[in-house]
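Report on the following structure.
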Amino acid sequence: MIPLETDLDWDLVGALPEMLQTIYGSLNKGLNLTAGDTVLIRGGSSTVGLMSIGLAKMLGATVLATTRSQAKVAKLTAMGADHVLIDDGHIAAQVHDLLPEGVDKALELVGTTTLTDTFGAVKPAGKLCFTGGLGGGWEIEHFSPFMIPSGKFLTSYAGEAQDLPAKIFNQVLAEAKAGKLSVPIAKVYHGLSEVGEAQANLESGHFVGKHVVVLD
């Protein structure tokens, strides 16, 4: 249970807990992200990716984020990304063009299919946290520990609700109310009669953000 104080609408408040727990757990427990860090969000135009951008900025990081679509660049920038990279499967070189040594930390949301390239964007002694498999890759066939680049660190996140402190949740709510942090909600639906529309829109891939059904 997370105590909260807010007068924001429940369509926004209800959309946050699970998503925010995953993101904060990844950035805090997985990456130990601190103010001043540079972090790469691989899969930045996903709902979790968008919220990761906003939360990482709230925590004081410089954020690089990826998308496969030029049309989504403006959305990532609006969420707070300092640099948006077009992902063609190989973005390490783009990162090094901006930051010759690479980023301090990286959040992998695309999956094992891009893990090696994401590691290439991380500086020596940097960390990579594996949290999602948007591209369908959850496992590495014939995995060997020697696949992890020497001097770099691989971790993962799949935690529990206790990883989201009430202080952080309420800070996010306050930032959202003040207009300093945007919650990526694509569309709000009302009642069970609109669940089918919500599912169809989710599967269409034509929306950016979370679909929220409110039971009136």
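The figures follow:
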quantity	calculated
Exceeding the 25 Å Cα-Cα cut-off - candidates LYS72/LYS105; LYS105/LYS187; LYS123/LYS180; LYS167/LYS187; LYS57/LYS105	LYS105/LYS187; LYS123/LYS180; LYS167/LYS187
Packing rank of 28-36, 116-124, where each peptide gets the mean count of other beta carbons within 10 Å, highest leading	116-124, 28-36
Over the range 127-216, relative contact order from alpha-carbon pairs under 8 Å, at least 6 apart, %	24
Excluding exposed DSSP-loop GluC sites (Glu not before Pro) (at most 16 other C-beta within 10 Å), longest clean stretch of the chain	6-100
Under 12 Å, Cβ to Cβ, from VAL188 - net charge with Lys/Arg +1 and Asp/Glu -1	-3
Long-range HN-HN contacts of GLY126 with modeled amide H, under 5 Å	PHE153
Stokes-Einstein translational diffusion, the chain - Kirkwood Rh over all Cα pairs, 0.692 mPa s, 37 °C, in µm²/s	185
Sum of side-chain charges, LEU154 neighbourhood, beta-carbon under 12 Å (Lys, Arg +1; Asp, Glu -1)	+2
Ascending count of other beta-carbon atoms within 10 Å, so fewest first, for TYR24, TYR157	TYR157, TYR24
Under 14 Å, Cβ to Cβ, from HIS211 - net charge with Lys/Arg +1 and Asp/Glu -1	-3
Relative contact order (percent, whole number), the chain, Cα cutoff 8 Å, 6+ residue spacing	23
Burial ordering of PHE207, PHE143, fewest other beta-carbon atoms within 10 Å first	PHE143, PHE207
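Each value in this text was obtained by applying a stated rule to the coordinates, not by laboratory testing. Keep in mind that this is a model prediction, so the values were computed, not measured. Heads up, the Cβs are rebuilt from the backbone with ideal geometry, glycines too, and the neighbour counts pull from every protein chain shown.
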